[in-house]
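To start, the structure itself, in structure tokens.
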Amino acid sequence: MPPPFEPTRAAALARIAAIDARAYAKTRNALDGRVTGLGPYLTHGLTDVPEILASLDAHSVSRQEKIVFELAWREYWHHVWRHIGDDIFVPRRAAPFGQAAQDTMPEDVLEARTGVPAIDAAVSSLHETGYVHNHARMWVASYVVHVRKVSWLTGARWFYTHLLDGDLASNTLSWQWVAGVFTGKPYFFNNDNVARYAPSLARPGTAIDRSYEAMEVLARSAADVGAEPDAPAEGLPSPAAISDPPIAVTPLPDVTNRTIRLVHPWALGDRGKADVAIGILHRPFHERHPWSSKRWSFVLARMAAVTDAIWVGDLVDLEPSIRSARQVECTATLNPGYAQALPRLSQSVLPAPRAFPDPPLLQRSFSQFWQKVSDAA
Ligand SMILES: Cc1cc2nc3c(=O)[nH]c(=O)nc-3n(C[C@H](O)[C@H](O)[C@H](O)COP(=O)(O)OP(=O)(O)OC[C@H]3O[C@@H](n4cnc5c(N)ncnc54)[C@H](O)[C@@H]3O)c2cc1C
């Protein structure tokens with residue numbers, strides 16, 4: 001059920017209703033497998049993990065099913081983010097071998113013309129739809145870091161901009177994981193792996209058509225192998241990264257003695273019960289973490305549907321405009337800038353919904369986390 005992604009609750013609920021936990025477990029690694037496409041809805045708060053688990057419970061799906069485990073990964077990355085904050089952008093441990101650190105993405109990768117079909121298809125999908133299957137994300141990250149010698153952080157920033165479900169924790173820490181700086185074990189793939197999970201994208205003779213041992217040797221070398229010699233000279237244009245919210249600023253309604261709900265981009269579920277719902281876009285965050293026009297369209301359409309007005313600026317400047325309100329509420333987020341400003345603007349910050357407990361001490365691996373939380377869930 002991946003693209004297209006309508007920014008509505010109905011679309012999120014339809015995807016939840018369509019989950020087939022058994023088929024998911026059997027086929028999720030295949031590029032045409034029964035994945036849910038719930039990423040954009042989860043990232044932007046149109047649904048949440050507790051709501052999905054309640055639906056699975058209603059269909060008697062066991063908590064040991066693969067889909068539950070994968071949803072827990074999302075909560076694990078957020079657990080790590082809560083503990084380490086902006087250090088998600090710092091390698092958790094030294095690179096297992098001298099990884100090269102180019103800080104620009106090669107043009108041929110950005111234009112989907114590397115000549116490696118699995119990579120070019122994934123990049124086209126990223127730029128055209130904002131969605132990439134999990135396995136293809138792993139392939140692209142591994143190719144970019146280990147074969148093309150680009151730093152994992154540069155790759156993570158590029159992905160974050162274009163994914164409709166771009167999530168700072170899941171994305172950045174997954175790139176660390178692939179690079180080997182999260183667990184110490186880098187992720188490699190090869191053409192045989194592509195042939196197994198996406199047969200039409202396998203191609204003999206490319207840079208990835210090697211044994212795993214040879215992929216590791218390639219990863220240890222410093223040289224970028226470049227695009228395939230017969231790769232096309234022209235590809236798809238790479239969409240722009242937009243840091244200025246593409247929306248006309250409108251005046252806020254009079255909020256004197258009224259209750260307000262502040263609605264940020266990660267809590268777009270509904271407008272709540274407040275008298276006035278105000279969408280908020282914190283400019284400094286978006287300057288640091290730009291989005292593609294597709295991502296902006298998804299967020300702004302939903303935000304417009306659940307609010308009375310949208311405010312754009314530095315959140316430190318919002319307070320005078322809402323001072324006369326009777327009560328201000330919002331949902332917490334870990335996104336930097338928003339996270340610090342919201343408790344100063346609101347009397348009531350509701351916790352972001354989670355299904356699994358958030359252990360007070362940092363769990364250094366998913367398996368440690370899962371052991372701690374799965375009994376409680
Ligand atoms: C390099 C890389 C970058 C990634 N970037 C992001 C990102 O920015 N945002 C994001 O939500 N996920 C990210 N993931 C995790 C995963 O690829 C996506 O959550 C998943 O592909 C989204 O598609 P889906 O909704 O169809 O997934 P499904 O397989 O249908 O899974 C359902 C939901 O479970 C959660 N989930 C599944 N697998 C994972 C996982 N490995 N880690 C965390 N959550 C998971 C997601 O919320 C997902 O929407 C990344 C993975 C890699 C390897």
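The values are calculated or read from the model by the stated rules, or taken from the named source; none is laboratory data. Bear in mind that the values here come from a model prediction, so they are computed numbers and not experimental data. Backbone-built Cβ (ideal geometry, glycine too); neighbour counts: all protein chains shown.
Remarks
- Residue in the stretch 273-291 that is modelled with pLDDT under 95 and either over 15 Å from Leu345 (Cβ atoms) or in contact with a Phe, Trp or Tyr (Cβ under 6 Å, 6 or more places away or on another chain) (or both) present: yes
- Checking each residue in the stretch 154-165 for being touching a helix residue (DSSP H, G or I) at 6+ places or on another chain (Cβ under 6 Å) and within 25 Å of Ile208 (Cβ to Cβ) picks out Gly155, Ala156, Phe159, Tyr160, His162.
- Ala156 vs. criteria within 15 Å of the chain's Cα centre (by Cα), more than 17 Å from Asn29 (Cβ to Cβ) and within 10 Å of the ligand (Cβ to nearest atom): yes
- Among residues of the stretch 1-20 being more than 18 Å from the chain's Cα centre (by Cα) and assigned to a loop (DSSP other than H, G, I, E, B), the one that is nearest to the ligand (Cβ to nearest atom) is Ile19.
- Residue check for Thr129: in contact (Cβ under 8 Å) with a residue 40 or more places away in the chain, of a type in the set (S, T, N, Q), within 14 Å of the ligand (Cβ to nearest atom) and over 14 Å from Trp175 (Cβ atoms): yes
- Test: residue in the stretch 98-119 that is closer than 19 Å to Asn29 by Cα, in contact with a Leu (Cβ under 7 Å, 6 or more places away or on another chain) and not assigned by TED's automatic domain parsing to the domain that holds Leu300: yes
- Pick from the stretch 1-18, criterion in contact with a Phe, Trp or Tyr (Cβ under 8 Å, 6 or more places away or on another chain), touching a residue at least 40 places away in the same chain (Cβ under 8 Å) and of a type outside the set (Phe, Trp, Tyr), ranking: surrounded by the fewest Cβ atoms within 10 Å (Cβ to Cβ): Pro3
- Just so you know, in the stretch 263-298 the residues that are in contact with a Pro (Cβ under 8 Å, 6 or more places away or on another chain) and assigned to a loop (DSSP other than H, G, I, E, B) include one that is surrounded by the most Cβ atoms within 10 Å (Cβ to Cβ), and it is Leu268.
- Qualifying positions in the stretch 52-77 - surrounded by fewer than 18 Cβ atoms within 10 Å (Cβ to Cβ) and of a type outside the set (D, E, K, R): Ala54, Ser55, Ala58, His59, Ser60, Ser62, Gln64, Phe69, Trp73
- Flag if Glu287 is closer than 29 Å to Arg157 by Cα, of a type in the set (D, E, K, R) and outside the structural domain of Val80 (by TED's automatic domain parsing): yes
- Filter result for Val349 (in contact with a helix residue (DSSP H, G or I) (Cβ under 6 Å, 6 or more places away or on another chain) and β-branched (Val, Ile, Thr)): yes
- Hits in the stretch 3-27 (condition: of a type in the set (A, V, I, L, M) and closer than 30 Å to Ala305 by Cα): Ala10, Ala11, Ala12, Leu13, Ala14, Ile16, Ala17, Ala18, Ile19
- Test: His127 is touching a His at 6+ places or on another chain (Cβ under 9 Å) and closer than 21 Å to Glu228 by Cβ: yes
- Only one of the numbered conditions (1) assigned to a helix (DSSP H, G or I); (2) of a type in the set (Gly, Ala, Ser); (3) surrounded by 19 or more Cβ atoms within 10 Å (Cβ to Cβ) is violated by Ala305, and that is (3).
- First in the stretch 290-308 and not assigned by TED's automatic domain parsing to the domain that holds His162, second anywhere and assigned to a helix (DSSP H, G or I), Cβ under 7 Å, 6 or more apart: Pro290/Thr161; Trp291/Thr161; Ser292/Thr161; Ser292/His162; Phe298/Pro40
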